[in-house]
Each structure stands twice: as structure tokens, then as C-alpha cells.
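These notes are about the structure you will find just below.
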Amino acid sequence: MLRTDLLEQLRKNPAVSVLIIGGGINGIGVLRDLALQGVDALLVEKSDFCAGTSAASGRVAHGGIRYLENGEFRLVREALHERNRLLVNAPHCVEPLPITMPAYSWMKGFFHAASQFLRLKSRPGDRGAVVLKIGMALYDAYSGKGALPLHRFVSRKQALAERPGLNPKIKCVAVYYDAKILYPERLCLELILDAERSSPGARALNYVSVASAHGDTVTLRDELTGATIEVKPQIVVNATGAWIDLAKSAMHRPSHLIGGTKGSHLVVDHPELHKLCQGHMLFYVNTDARICIFYPLGHRVLIGTTDIPADDPDSVICTEDETDYLLKSVQHVFPDLKLERSQIVYTFSGIRPLPRSDALTTGQISRDHSDTILPPGDGLNFAIHNLVGGKWTTYRAFAEQVTDRLLGELGRQRSADTRSLPVGGGRDFPTTESARAAWFKQVTRATGQPAARLTQLLERYGTRADEIAIFCGIDADAPLQNHSGYTHREILFLAQHERVERLDDVILRRTMIGMLGETTIPLLEEVAAIMAGALGWSAERRMQEVDRVVDLIRAKNKIDLRMNPPQYVG
């Protein structure tokens, strides 16, 4: 349904069972689960889907091995089960990730681990090999048999031989497995599309915010036109993450639920570091006891992350201090490796929507999730469910828990389960050589596309690749002049079928162009021209969109596209 048609439908019939505010992974997960139960639900997001914290994560599906030292055993068990489900249900977006963790001592961290287990406050420090061994044994036990390979330890001699330049101060190296989320932004979009296909009552609107609320009415604002519209929900779900308290203030129900922390990341063009990773994530305790990571992201390397108290999600950026910290942290693993600011191709930051806490360090604040219900009152006739905390890996379980509570309030029963439900292009995804060969044979026959192109589309879109390949073959198609990895009709498909409203929706979220530091002004102009034809933009609007993305990437991601080539600017 077109955006204008959906807005008109809401004007004629404003009643909705559940209004979900926030288009990050938690809100989207609730929308999909409600849709499967046949509940009419409307999700609104003030910017684009998956444009906030959900897009600013480390892009990893993990159980949270370090949460064990905080005594969060239930969370780790739940997260590992959910990680395993993601590997099965979304194999096109989530794949196994081997993780290497250097140990710089044998016994350090024992006192801290024991203190945490006994619920005593203690500041974390380095984690020695013995503590890692205990933690990884528990991790494997919670993960379940056969899900991923078990952990192993590599001797100092072997580790130094396998990775030249590795810090010689190590005692040994531990290797275990989690998973990486290749395209979290696309995974969010596919969940929305799945929800809308499963139920006509499931609807999602980007660029729509909450303006106010009173009685049984919530007033929404179209951020693209400024127009307002009223809806009448039975229940509201506040899934705005780091914006939860701000959203509640807009509805005249102020609160202080969130005590968020900022996490910043760098994406660098560093072939030597990429090679040294050997396909692994390096997961290590930095000199200040903060956990840091780096791992290959396409042909780049992602480096993260910081953990700093912050409370303004709209202005969050990676600061120069954080850039220094992250660049220097890599040298704790590879002391002789040179990393320069000129090698940074992208930066991003987000605020983790953690609960307010009196923990000694930010790393000790729980990453668990909760649904805090605010009953009707203060002039509002509906309850507000506030989704606090959570993480990418556990979105499905969190959505299931919230949906069960909503169903109870609506007097309805659960009729469908999401535990084994494939997501988008993960449906019928070929995971064996024989299945992959059969898929290529069938789709090649149907589309006439060469194997290399189909491989590219399958890796990008999963089994939705056949739909896109057919679309691309309907008319003459060619690679973009300014990015050979995408074609004209592929961009046209995204513009017409993937809820795109602005140029940055394509550059930063429907593709990896922005994240991988591949954006240039000529490319923006080329993509904007394609989108203009699909969305009816004027020549003036096209240039406005280009200028807007140039300014956005300069301000938020610290890359100046007006320089040739584009450069990092502090």
C-alpha cells in the first residue's frame, strides 16, 4: 500500500488495537508477532526504519560471554538460543563468526568474577586464561550441542606463528564462536515486509512522529509534509529505545527510565589489518579493562566500541577522543600496526537504551530487557508499554514476551509462533552445495541472469534475489557508472518496493554503500536521478536530497564527501 493511501486510510478509520512507536528492532519484532496473531497494529518511526540504535550496533548476534561475570546467566542462555535461531531463520543475513580472544595473564580477573557472582560491587580488570576457560565452558553448555563449534585454546607459540605481529605479551589465545549480522538494516525491513504480508492489519510508516496525546487519541505528525493525523489506540507500545523518555514526554507522561551509554565505531580501509583478522573477530580487554573488538566487514574492518554515559540520542557522534581510543586499542593486539585517521572511511555512534543503574562501571549495567507498563492516567485512557533495554540478538524473544502480555490485555490467544519462522530472504535459503546448485539452476532458467550476478543478489537479498533478478531483467539494465556493484534497475527496485522516502534510506540502510565508505557525490547524484523517476521528485528535490546526504554524512559520520577523495574530518 502506498504511503499516501495508508495515511488516508488512517484518517477515515483512526481506531487501532496497538500503536507501536519506534521502528527499531524491538518495535519491529513486536509488529511482526502481533501480525501473526491477527492483531491490527500500526508502527510509526520518526525517521527511517532501523535508523537509530539498531543501526549503530556492532552487528553481532551473540550470547554475551562477558555478561556471565555479571551473573546474568538467564540472559546469556536466552541470547545463545536466540543466536542459534537467527542462524537458522535468517541465514542470508546472519552467519557464524569465529572469535579470537588473547589472554595476557593466567589468573587475573578471578577476584572480580567471584565478587560479581556473589553480587558484590567490584570494578572489572583483565581476564586471565583460567577465567576465560570457565566462562567459555559455560558458554558452550548454554549454546547447545552442534549449534556452533566448541571453544578451544591455542598456545602462545602457535598463535604468534599464525598471526605475525600479535602482541608477544600474550599467554595464550582462546577461540570461540558467535555470529555476525551482515545486514541488520535489511533484516529490519524484511521483518516489516513479512508482517504486512501476513496480515492486512499490520501497517508501518516511516517519517511519522508522535506530536502529542490526550484522552484516547494520539496525534501523529508526518515529518515529510508537516501534516498531522489522529489515531485512537487501545494500547501504546513505546519502543523508541534511547528516546523512550522523550516519547513519553510528548504524551505528557514524563519519566526517567533510560540511563543510556554511547557506543562508537570506526570503519577503516586497512588491507593489512583485514588480512591479520583471518576472518575472525578479535575480542580483547583494552588497557582500561573495557572490551573492544575489530573484525572484517566486507573489504573493510570495523573497530569498536566505547561505552560512555550519554543522554542525547539525537546529537550523538564519534568524538575525537573516542577515535583516538579506538585506533590505539588495536595496538594492544598488534603493537606494531600503524593506523591513521586517513584510513577511516566511516564512523557511527548510538546510545544503548539501558535502564538507569548505580553500577560502578557502564559495562556492568545489565543488557537484559524489560517491559515497564504505565497504566492509564494523567489524561490518557490507554496503557503504555515501555520496552527498556534489550539487544539485537534477543529481539524475537523480547517481542514474544511483550506480545503475550498485549494479547492478554486484548483478551486474545496466541495462534502462531515465531521460534522457527524464517525471515524474508532466509525462507528456503540454500544452505548446502546441492541446494545452492538447484537454486541457481532454477533462477537462471527463470531470469536469464548470469551466475556471478545471481551470486551477488543471493548474498545481498537471500531468496528474494529471484524477485529482484526478474525485475532487473524486465528492461535494459546496466551497472551504475559510479558503483559497479549495483545496477540501475536494482536501485529502482529498492525505490519502488522497499519503503524508501529519502536518498539516505538507500545509501545508508537499503545498501551497505555508506557503511563501507563507498559514497561519492557523483554516486549520490546518479542514485538520486533513479529515485526521482520512481518517486516523482523534481530536479530541485533531487539536489536537495544530495545536499542533505552530503551534510548528514559530514555531521554524523565525519566523512567529507566534498573532498576528492572523500576524507575523514575530526
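Tell me, what is the FRET efficiency for SER366 and TRP106 to the nearest 0.05, using R0 = 45 angstrom and their Cβ-Cβ distance as r? Approximately 0.95, to the nearest 0.05. Computed with the Debye formula from one identical point scatterer per Cα of the range 341-407, without solvent, the log10 of I(q)/I(0) at q = 0.13, 0.14, 0.20, 0.21 Å⁻¹ comes to -0.56, -0.62, -0.93, -0.97.
For the range 349-397, the relative contact order comes to 37 percent (Cα pairs under 8 Å, sequence separation of at least 6).
Overall, the range 35-88 carries a charge dipole of about 220 debye about its Cα centre when +1 sits on the Cβ of Lys and Arg and -1 on the Cβ of Asp and Glu, all other atoms neutral.
With all protein chains in place and a 1.4 Å probe, the accessible surface of the range 517-563 carries 51 percent carbon and sulfur. The GLN413 and LYS232 beta-carbon pair, evaluated with R₀ = 35 Å, returns a calculated FRET efficiency of approximately 0.90. Near ASP417, once Lys and Arg are set to +1 and Asp and Glu to -1 for all other residues with Cβ below 10 Å from its Cβ, the sum equals 0. Atom-type composition of the exposed protein surface of the range 229-297 places 58 percent of the accessible area on carbon and sulfur (1.4 angstrom probe). Of the residues VAL130, VAL285, ranked by 1.4 Å probe accessible area with the largest first, the sequence reads VAL130, VAL285. For the chain, the dipole from Cβ point charges (+1 on Lys and Arg, -1 on Asp and Glu) about the Cα centre works out to 1800 debye, to the nearest 20.
With the convex hull of its Cα atoms as the shape, the range 147-194 has an orientation-averaged projected area of 5.4 nm². Of interest is the spacing of the C-alpha centroids, which for the range 367-438 and the range 231-305 amounts to 20 Å. Shown is the FRET efficiency for GLU433 and ASP311, computed with R0 = 45 Å from the Cβ-Cβ distance and rounded to the nearest 0.05: 0.35. Computed over the chain, the per-residue total of -39500 (n - 2.57) for DSSP H runs of n ≥ 4 gives a 222 nm mean residue ellipticity of -11000 deg cm²/dmol, rounded to 500.
What relative contact order, as a whole-number percentage, does the range 402-508 give when Cα pairs under 8 Å and 6 or more residues apart are counted? Across the range 402-508, relative contact order equals 17 percent. Computed from label points 7 Å out along Cα-Cβ, the spacing between VAL569 and ASP551 is 1.3 nm. Across the chain, C-alpha contacts under 8 Å between residues 6 or more apart give a mean separation that, scaled by the residue count, equals a relative contact order of 18 percent. Set against the 2.2 N^0.38 Å expectation for a compact globular protein, the range 245-360 has a Cα radius of gyration ratio of 1.23. Taking the square roots of 5 times each eigenvalue of the Cα gyration tensor of the range 219-307, largest first, gives ellipsoid semi-axes of 41, 19, 10 Å. Estimated at the nearest 10 Å², the accessible area of THR225 is 100 Å² with a 1.4 Å probe. Normalised by residue count, the chain yields a Cα convex hull volume of 152 Å³ per residue. Pairs with C-alpha atoms separated by more than 20 Å, drawn from the list LYS133/LYS275; LYS180/LYS441; LYS262/LYS558; LYS46/LYS558; LYS133/LYS180; LYS262/LYS556, are LYS133/LYS275; LYS180/LYS441; LYS46/LYS558; LYS133/LYS180.
Shape analysis of the range 440-568 yields a ratio of the Cα radius of gyration to the Kirkwood radius, Rg/Rh, of 0.99.
In this simple spin-label approximation, ILE470 and MET543 carry label points 7 Å from Cα along the Cα→Cβ vector, and these lie 4.1 nm apart. Per residue, the accessible area of the range 28-115 comes to 28 Å² when a 1.4 Å probe rolls over the protein heavy atoms.
The values are calculated or read from the model by the stated rules, or taken from the named source; none is laboratory data. Just so we're clear, the structure is a prediction, and the values are computed from it rather than from any experiment. Positions of Cβ are backbone-derived with ideal geometry, glycine not excepted, and every protein chain shown enters the neighbour counts. To get the accessible areas, we keep the full protein, side chains included, count just its heavy atoms, and leave off ligands, DNA and RNA. Shrake-Rupley method; radii C 1.70, N 1.55, O 1.52, S 1.80 Å.
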